[in-house]
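Each remark here refers to the structure printed beneath this line.
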Amino acid sequence: MAELVVGPADELPPEPSSSIGVYNLEGEFFAIEDRCSHDDGPLCEGDFDPDRGVAICPRHGANFDIRSGRPLTLPAYEPVETFPVHVEDGVVKVEVT
């Protein structure tokens, strides 16, 4: 297992900040793959709804729960991969394989 160091937790904005898609949801961090399961589009370039914890694909509008990777709307019907995230000494780190 390897870790991707994202950066200081207090500097991570609510928007995704890497190609993996690291999200700050009211101080809790989540990471999903930057690939829409519908058409392999750049999921993290889309909008983020922090009230619902939802990433929205910019191509066709599929919604994904950032906590589980589960698709919430069509046209996506398969989940995207999620990655464990932890904060160590104020630095956000994502566990990747």
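Summary table below
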read-out	value
Residue that is surrounded by the most Cβ atoms within 10 Å (Cβ to Cβ) [pool: residues in segment 70-85 that are among the aliphatic types (A, V, I, L, M) and within 14 Å of Gly21 (Cβ to Cβ)]	Val80
Index of the failed condition, Glu95 passing every other in (1) touching a residue at least 24 places away in the same chain (Cβ under 8 Å); (2) assigned to a loop (DSSP other than H, G, I, E, B); (3) out of contact with any Leu (no Cβ under 7 Å at 6 or more places or on another chain)	(2)
Pairs where the first residue, in segment 50-79, is at positive phi and the second is of a type in the set (A, V, I, L, M) and surrounded by 17 or more Cβ atoms within 10 Å (Cβ to Cβ), C-beta under 6 Å, 6+ apart	Gly53/Ile66; Gly69/Ile32; Gly69/Val80
Sole exception among (1) open to solvent by less than 50 Å² (accessible area, probe 1.4 Å); (2) touching a helix residue (DSSP H, G or I) at 6+ places or on another chain (Cβ under 7 Å); (3) closer than 21 Å to Leu4 by Cα for Cys57, by number	(3)
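Residue by residue, here is whether (1) under 19 Å from Val91 (Cβ atoms); (2) in contact with a Lys or Arg (Cβ under 8 Å, 6 or more places away or on another chain); (3) modelled with pLDDT of 95 or more; (4) of a type in the set (A, V, I, L, M) holds:
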| residue | (1), (2), (3), (4) |
| --- | --- |
| Ala2 | yes, no, no, yes |
| Pro13 | yes, no, no, no |
| Phe30 | yes, yes, yes, no |
| Cys44 | no, no, no, no |
| Pro58 | no, no, yes, no |
| Arg67 | no, no, yes, no |
| Leu72 | no, no, yes, yes |
| Tyr77 | no, no, yes, no |
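The values are calculated or read from the model by the stated rules, or taken from the named source; none is laboratory data. In this text, all values refer to a predicted model and were calculated from it rather than measured experimentally. Here Cβ is always computed from backbone atoms with ideal geometry, including for glycine, and neighbour counts include all displayed protein chains. Accessible surface areas use protein heavy atoms only, side chains included; no ligands, DNA or RNA. Shrake-Rupley method; radii C 1.70, N 1.55, O 1.52, S 1.80 Å.
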